[in-house]
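Every number in this text was worked out from the coordinates using simple rules, so none of it is lab data. Because the structure is predicted, anything quoted here is derived from the model rather than measured. Every residue, glycine among them, receives a Cβ derived from its backbone with ideal geometry; neighbour counts consider all protein chains shown.
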Amino acid sequence: MSRSRPIRTDTLVGDILREYPVLREKIAELFGPDCISCKSNQQETVTYTAWHKGLDPEAVVRTLNDALKGK
């Protein structure tokens, strides 16, 4: 993952949850609380999950990266 933008549209949701536990609440807010415990998050990218939830993947990535930076 890139340092300036550690989360990308092709990042797996499960990887985000594992590598950045501080984002669990933000993931639940964006994708729903069930996403945290769903086993599919190990195979689904941010793009897939965002589209599935009717969200713009680029906007989701910006939101998650901003949350990592404390914005």
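What the table below lists for this structure:
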| item | result |
| --- | --- |
| Within the chain, helix-based [θ] at 222 nm, where runs of 4 or more DSSP H residues each add -39,500 (n - 2.57), nearest 500 | -14500 deg cm²/dmol |
| Cβ-based exposure ranking for Lys69, Lys53, in which fewest neighbours within 10 Å come first | Lys69, Lys53 |
| Electrostatic dipole magnitude of the chain [Cβ: Lys, Arg +1; Asp, Glu -1; Cα centre; debye, to 20] | 240 debye |
| Rough spin-label spacing in nm, given labels placed 7 Å along Cα→Cβ, for Arg18 and Arg62 | 2.9 nm |
